[in-house]
Amino acid sequence: MSEQQDYEPRIVAFLCKWCSSAGSDLAGVSRIQYPANATPITVPCTGAISPMYILSAFNKGADGVLVSGCHIGDCHYIEGNYLARRKMHLIMQLIEFIGVEPNRFRMSWVSAAEGAKFAQVITDFVDDLQPLGPQDKLKKAERV
Amino acid sequence: MINVQDIRDTARDMLTKGEVRAVIGYRRGSRGMLAEPAFITDPAQAGDLVWDPTCFHNLSLYLVEDRKFLTHVRKTANAPIAIVAKGCDARSIVVLLQEHYFKREDVYIIGVSCEGAGVVDERKLAPHLNGFQATNAAFDGDDFVFTTAEGEKCLPAREVMADRCLECRIPFPKEHNIVFGEDKTGRQLAEPFAALTRFETQGTAERWDFWSHHFDRCIRCFACRSVCPMCYCDECVVDSITFPVTTETTAEDKANRIRWIERSAVRSENITYLMTRAMHLAGRCTDCGECERACPVNVPIRLLNNKMEREAREQFGFEPGASIGGPSLVASFLDNDPGQFIR
Amino acid sequence: MTKKRTGVFVCHCGTNIAATVDVAKVAREMAGENTVAYTQEYVYMCSEPGQESVVQAIKDNQLDSVVVTCCSPNLHEKTFRDNAQRAGINNFTCEIANIREQCSWVHNDKAKGTEKAIKISRSIVRRVNRNKPMDAIAVNVTRRAMVIGGGIAGIQAALDIANAGIEVTLVEKQATIGGRMLQLSETFPTLDCSQCVLSPKMVEVKRHPRVKLLTYSEVQEVTGSVGNFRVKILKKPTYVDPDKCKLCDECTVVCPVVVPNEYELNLTARRAIYIPYAQAIPASFTLDESACLGLNPIVCGKCKDVCEADAINYDMRPETITEEVGAIVVATGFDLYDQENMPEMGGGKVEDVLDGLQFERLCSASGATQGHVLRPSDHKEPKDVVFIQCVGSRDPAKHCAYCSKICCMYTAKHARLYKKHVPDGRAYVFYIDIRSGGKGYEEFVQRTMEDDDTLYLRGRVSRLYRHNGKIKVLGTDTLSGQNVEIDADMVVLALAMVPSKGTIDIAKTLKIGRDKDGFLAEAHPKLRPVESVTGGIYLAGAAQAPKDIPETVAQAGAAASKVIALLSQSTLSRSPLIAKVRRSHCTGCGMCVDACPYTAIRLEGGKAVVNEALCEGCGSCSATCLRAAIDVKNVTQLQIHEMIEACLA
């Protein structure tokens, strides 16, 4: 049990520049505390997130991958998040299909005004990842 | 029933008149009953063409090879190329056309209807033949009839037919220039996605047991990629082995290759390869089943592709190879695409 | 490729970063990166000496790229990119690692915070390693502007732009310009006549040689970007030629169709052919197609028969007009929160319960009652009138969370106007508190409160309903701690201001954002209050947030000056971070063409080609391409791949 508690899931968080990255900035400005497990990578738009990024992050040992962008209808680039929604649906289905815990992949809509929501999304994600333990299904084996 | 003579006559006639520069079809192979791909340019060879339940190759692969060859020798075709295509193959051609791989007028589709049958799965057939080799296969409308040294053997289609044919929803090449055989769409021997549905009743842990077993066994020979008409990229994004150096390749290109995965055929890399392939085939795979057939270690690749196909169909109303002019699955969206999974 | 020489500059931000991130450790870790040639920490990197030290370090150490680990790039990306340029290196080789908003401010645990700050910094160092020097793209500017919405905000913006010598198209959805201000009776705190102030401006718009006025028109499609927008406008047919119409009013006399008059907030009725107000600009009648019996002389045709000027033309068709402009001001105004949402206030079903705008029309000399305050149900003078403030505002649980800002003032005005019209009447005002910030505003409210027959009650109304010919208003007076019951003749609700109905659509069409309340979002709440998130599109008036007339006019002027400043340049520079095709890998499948939201990609000779003027650099193409044959410059898949690696190292 103590091992479980020591375990800190490593999350790669792909954030769109205009909404979710700005939302995480707002969480910062508002000093809302949340776990430090997610390292953000800011991209122009969720539409720019290739499914390869998700697979690659898992391959490199991420315990969880988050994709977060503007709410539907609010995309800075009009429809990038619509394209992302479809792609991410497919990748999530595929991950689940081969027997990886679906909770390891998460997508959320966080607007620039939703600092608190951003903090909550990360907090919830970490909470959900804790019981799953380290992700070693898709992770590249350490070189012997 | 298709009279193979019709196919031969069409081929001979077109080649003689110079209407096509070649006919891609099937002929009797060198290994027992099995048909093999044939690339015929001489009208005299048109008589070699065959049509039977062993014509499982998706010949549209050779349209891709043809274009690659023409690009390589920097020539343009002086006439279209004719191709014998089953329902699934013709849909592959439609996807290639959708992706502007060649133009519609560059290809003359000689459609052949599977007429409610399909092709044989060698692996299913083997146990029925008691070690003998069949020299001929035919479909009599209900059963497959195999000729072996023991004589004729009649087997119910349901037992030896490839899964994808049992589950096939559209065994008819809608896109064609000429078509032989009756459209018997609707005569399915199994529910669509039957194998997938069975598989999906399992829980996460069982599914992982199943797949980790298969992912461990993959030797990354890339046979699945080689045989797939949709895998026409010169450089596969997940593979740093077969990096082609063309005249346009710069030193920077070489240095800047993304090594998404490593060369070694270990589970994690195999998974990333196969999952990437499934993602890249989403909305493009027409379930010709060639990848699974070509796999030397029997990884059930079709199941992955089927999963994507069913998601596309059920969630996005998308049918691969249905329309030449339509957008691709992942390059388009609907306002009401499912989004409940998003927080 | 020769090895990069990156400098990493770690900012303490006082203790903002240094308190929860071990900045020395971050610098040490970065020094260990293969491409990092120099590291430095400083207490305030954005201060003058901090910036100078960056410039000096670049020069002294022959750095070719810079990573500043500090606050959000939204704050100081430009500062440090400018410094990079000052030091003689390309500004696009400078990137910001956000270790404040995304790290130090949100993690108290110093060990974990430091670890994350290192990951963030390392990922940016890896990204910069592959950043290419780049020059901004110059694009020509179309020296014309468009203003959407013909209320006071739009009118002011259009006039200011036009007076600066720039041609401007003013697009108004309704049959006349003037907007909400034209519906007002008097304005606070001066009580001058609203129409008298507004109508000269309306006439000026109409007559201005550089203003093209398109009324009864709606923006349908906007393409292009800052400096070069292409706007498609649908001009609906009015079926009346404004040049021929003599305003004789004969047509309304014969028109057999009677419908509620939306310009009078449905207090009165109008005919299918009508003029919104006597002061309407353009001064012409309009035939409401949806109300008309059929635009067909066989069906009716009475108006056409009676029109001596022959101004009526049933064959008018909708017209699509395409305008090319360099900048757009959006001034689409507000609506009032729907009474139906307020069941405790009668839900719009109790007679003589009016909203603020309806009350304005009752007071207006040009309104339904020719300026006599008469209650709609029986046209009697109401002797007890209850005004209720904050209806739907400041109620995050059920309605709008925000303060609608002007209701305190206009309710005081309403009470004053009522007392002027009905000197022996009594006014009751329910309020939560009074917000009267503004020049002369507090004095105005005080004067209203001092009136003996105007009673301000601090408290809320819980319910109102019809009872014995009166409206029973139940509320509390929290100052006396007593429940209050008033038998009112009329009730006026100061309903919350909400964005006008078409705001969602116009925001979508223009690709500009909206805030959580649905108002158009400004680019920065403090520093860029009149700019939308999309370059070249500016905001004015109540479409952006509730505001009064002087504020609206000021914002319209500010938006106009932004437009003028933008259009005074002959070329603009655009971000060069746009898509680039790797021709060797492109097979011409066209998926990127389909995925591009800007139709910026086309196929040419079997390969994708990016139109640099249209590409916004969103990257939808790159995520869709199966072959990684298209990438956004300086955010390439290779860079992201290496950033992922850095995050998980």
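Values quoted throughout were computed directly from the atomic coordinates according to the rules given, and no laboratory measurement underlies them. None of these values were measured; they are calculated from a predicted model. Every residue, glycine as well, gets a Cβ built from its backbone with ideal geometry; the counts of neighbours run over all protein chains shown.
Of C:GLY346, C:PRO382, C:HIS414, which is farthest on the positive side of the dipole of the range C:336-461, counting Cα position, with +1 on Lys and Arg Cβ, -1 on Asp and Glu Cβ, and the Cα centre as origin?
Checking the options against the dipole of the range C:336-461, the answer is C:HIS414.
For each cysteine in chain B, check whether another cysteine's C-beta sits under 4.7 Å from its C-beta; list those where none does.
B:CYS55, B:CYS114, B:CYS154, B:CYS165, B:CYS168, B:CYS218, B:CYS221, B:CYS233, B:CYS236, B:CYS285, B:CYS295 - these cysteines have no disulfide-compatible partner (Cβ-Cβ under 4.7 Å) in chain B.
What percent does the relative contact order of the range C:351-416 come to when contacts are Cα pairs within less than 8 Å and at least six residues apart?
On the way: 61 pairs, mean separation 13.2, N = 66.
Once normalised by length, the contact order is 20 percent.
Calculate the dipole size of chain C relative to its Cα centre from +1 charges on Lys and Arg beta carbons and -1 charges on Asp and Glu beta carbons; express the result in debye to the nearest 20. Can you show the working numbers first?
Numbers: 78 positive and 76 negative charges, 460 e Å.
Value, rounded to 20: 2200 debye.
When the Cα centres of the range B:47-109 and the range C:470-542 are compared, how far apart do they sit, in Å?
Distance between centres, Cα-based: 62 Å.
Which value in deg cm²/dmol, rounded to the nearest 500, describes the helix-derived mean residue ellipticity at 222 nm for chain C, given -39,500 (n - 2.57) per DSSP H run of n ≥ 4 and division by the residue count? Can you show the working numbers first?
Working: 16 runs with 174 residues, N = 649.
That comes out to -8000 deg cm²/dmol.
Can you run phi through the Karplus equation (6.51, -1.76, 1.60; θ = phi - 60°) for the range A:96-110 and list ³J(HN,Hα) in whole Hz, with x for Gly and Pro?
Along the range A:96-110, the couplings run 5, 4, 7, x, 8, 4, x, 5, 7, 10, 9, 10, 9, 10, 10 Hz.
Give the long-range amide H neighbours of B:VAL299: residues separated by 5 or more places, or on another chain, with amide H under 5 Å away, using H modelled in the peptide plane at 1.01 Å from N.
none
Enter the Cα centre distance for the pair the range C:397-464 and the range C:280-339, rounded to the nearest angstrom.
Going from one Cα centre to the other spans 38 Å.
So what J values fall out for the range B:164-180 if you push phi through Karplus, 6.51 cos²θ - 1.76 cosθ + 1.60 with θ = phi - 60°, rounded to Hz, Gly and Pro as x?
5, 6, 4, 8, 4, 8, 9, x, 9, x, 4, 8, 7, 9, 9, 9, 10
Would you please give the residues with an amide H less than 5 Å from that of C:PHE430, counting only those at least 5 places away or on a separate chain, with H modeled from the backbone geometry?
Here C:PHE387, C:ILE388, C:GLN389, C:LEU457 satisfy the definition.
Apply the Karplus parameterisation 6.51 cos²θ - 1.76 cosθ + 1.60, with θ equal to phi minus 60°, to every residue of the range C:182-190 and state each ³J(HN,Hα) to the nearest whole Hz, in sequence, with x for glycine and proline.
Result, rounded to whole Hz: 5, 8, 7, 8, 10, 10, 7, x, 9.
Sum up the charges of everything whose Cβ sits under 15 Å from the Cβ of B:PHE69, counting Lys and Arg as +1 and Asp and Glu as -1, but leave B:PHE69 out. Mind dumping the intermediate values first?
Numbers: positive: B:ARG21, B:ARG67, B:LYS68, B:ARG74, B:LYS75; negative: B:GLU65, B:ASP66, B:ASP106, B:ASP234.
Here the count lands on +1.
Where in the range B:10-79 are there trypsin sites (Lys or Arg not before Pro) that are in a DSSP coil and have at most 11 other Cβ atoms within 10 angstrom of their Cβ? If you can, show how the numbers build up before the last one.
Numbers: sites: B:ARG12, B:LYS17, B:ARG21, B:ARG27, B:ARG28, B:ARG31, B:ARG67, B:LYS68, B:ARG74, B:LYS75; in loops: B:ARG21, B:ARG31, B:ARG74, B:LYS75.
Sparse-neighbourhood loop trypsin sites (Lys or Arg not before Pro): B:ARG31, B:ARG74, B:LYS75.
For chain C, what relative contact order do you get, as a whole percent, if you take Cα pairs closer than 8 Å and at least 6 residues apart?
Worked out over chain C, it gives 13 percent.
Can you tell me what share of the DSSP beta bridges in chain C is antiparallel? A percent to the nearest 5 is fine. Display every interim value, and only then the final one.
Working: 54 of 104 bridges.
The answer is about 50 percent antiparallel.
Arranged by the count of other C-beta atoms within 10 angstrom, fewest first, what order do B:HIS128, C:HIS524, C:HIS399 take? Don't skip to the answer; put the middle values down first.
On the way: B:HIS128 15, C:HIS524 12, C:HIS399 18.
In order of increasing Cβ crowding within 10 Å: C:HIS524, B:HIS128, C:HIS399.
For the range B:1-190, with equal point scatterers placed on the C-alpha atoms only and solvent neglected, what are the log10 I(q)/I(0) values from the Debye formula at q = 0.18 1/Å, to two decimals?
Log10 I(q)/I(0), no solvent term: -1.20.
Rg(Cα) of the range C:241-371 divided by 2.2 N^0.38 Å?
Values: Rg = 18.1 Å, N = 131, 2.2 N^0.38 = 14.0 Å.
Cα Rg divided by the expected 2.2 N^0.38 Å: 1.29.
Explain nothing, just the number: dipole magnitude of the range B:193-317 about its Cα centre with +1 on each Lys and Arg Cβ and -1 on each Asp and Glu Cβ, in debye rounded to the nearest 20. Intermediate results must be reported in sequence, preceding the final value.
Details: 17 positive and 18 negative charges, 49 e Å.
For the range B:193-317, the charge dipole is close to 240 debye.
Mean projection of the alpha-carbon convex hull of the protein assembly as shown over all orientations, in nm²? Kindly include the intermediate steps, with their values, before the conclusion.
Details: hull surface 224.1 nm².
Taking a quarter of the hull surface, the average projection is 56.0 nm².
Starting from the Cα gyration tensor of chain C, multiply each eigenvalue by 5, take the square root, and state the resulting semi-axes largest first in whole Å. Working shown, then result.
Details: eigenvalues 607, 234, 84 Å².
Its equivalent ellipsoid spans semi-axes of 55, 34, 20 Å.
Quick one, could you list the DSSP H helices from chain C stretching 24 Å or more along their long axis (Cα atoms) with average Kyte-Doolittle hydropathy of -1.0 or above? Don't skip to the answer; put the middle values down first.
Values: long enough: C:110-129 (28 Å, -0.67); C:549-567 (26 Å, 1.13).
Passing helices, by number: C:110-129, C:549-567.
Which of C:ALA545, C:SER584, B:GLY181 sits farthest toward the positive end of the charge dipole of the protein assembly as shown, with +1 on the Cβ of Lys and Arg and -1 on the Cβ of Asp and Glu?
It is C:SER584.
When DSSP beta bridges are limited to those with both residues in the range A:11-126, what percentage is antiparallel, rounded to the nearest 5? Could the numbers behind the result be given before it?
Details: 0 of 16 bridges.
If we restrict to bridges inside the range A:11-126, about 0 percent are antiparallel.
In vacuo Debye scattering of the range A:11-126, one point per C-alpha: log10 I(q)/I(0) at q = 0.17, 0.18, 0.22 Å⁻¹?
-0.75, -0.84, -1.23
In the range A:11-126, with Lys and Arg counted as +1 and Asp and Glu as -1 at Cβ, which of these residues, A:SER108, A:ALA119, A:LEU83, has the Cα nearest the positive end of the dipole, that is, farthest along it?
Positive-most Cα among the choices belongs to A:LEU83.
Mind listing P(r) for chain B? All alpha-carbon pairs, 10 Å bins, whole percents.
All Cα pairs, binned at 10 Å, distribute as 5, 23, 32, 26, 11, 2, 0 percent.
So, with +1 on the Cβ of K and R and -1 on the Cβ of D and E, and no other charges, what is the size of the charge dipole of the protein assembly as shown about its Cα centre, to the nearest 20 debye?
Values: 134 positive and 141 negative charges, 492 e Å.
The dipole of the protein assembly as shown has a size of about 2360 debye.
So who's got an amide H within less than 5 Å of the one on C:LYS472, skipping anything under 5 residues away but keeping other chains? H placed 1.01 Å off N, in plane.
Here the answer is C:TYR465, C:ARG466, C:HIS467, C:ALA488, since their amide H atoms fall under 5 Å of that of C:LYS472.
Please rank C:THR534, B:THR204, B:THR54, fewest neighbouring Cβ atoms within 10 Å first, as an exposure proxy.
Working: C:THR534 20, B:THR204 14, B:THR54 26.
So the residues, fewest neighbours to most, are B:THR204, C:THR534, B:THR54.
In deg cm²/dmol, rounded to 500, what helix-only [θ] at 222 nm does chain B give when every DSSP H run of at least 4 residues adds -39500 (n - 2.57) and the total is split over its residues?
Helix-only estimate at 222 nm: -9500 deg cm²/dmol.
Cut-off under 20 Å on the C-alpha distance; same-chain residues fewer than 8 positions from C:LYS607 excluded. Which lysines are left, in chain and number order?
Leaving aside lysines fewer than 8 places away in the same chain, those within reach of C:LYS607 are B:LYS68, B:LYS75, B:LYS103, C:LYS580, C:LYS633.
Quick one: work out the % antiparallel among DSSP beta bridges in the protein assembly as shown, nearest 5.
Values: 72 of 150 bridges.
If I count the DSSP bridges inside the protein assembly as shown, around 50 percent turn out antiparallel.
If Lys and Arg each add +1 and Asp and Glu each add -1, what is the summed charge of the other residues whose beta carbon sits under 14 Å from the beta carbon of C:LYS472? Walk me through the numbers before you get to the answer.
Working: positive: C:ARG463, C:ARG466, C:LYS470; negative: C:GLU344, C:GLU351, C:ASP352, C:ASP384, C:GLU485, C:ASP487, C:ASP489.
Local charge sum for C:LYS472: -4.
So if I take the alpha carbon set of the range B:32-81, get Rg, then get Rh from the Kirkwood formula, what is the Rg over Rh ratio? If you can, show how the numbers build up before the last one.
Details: Rg = 13.3 Å, Rh = 12.8 Å.
We get a ratio of 1.03 for the range B:32-81.
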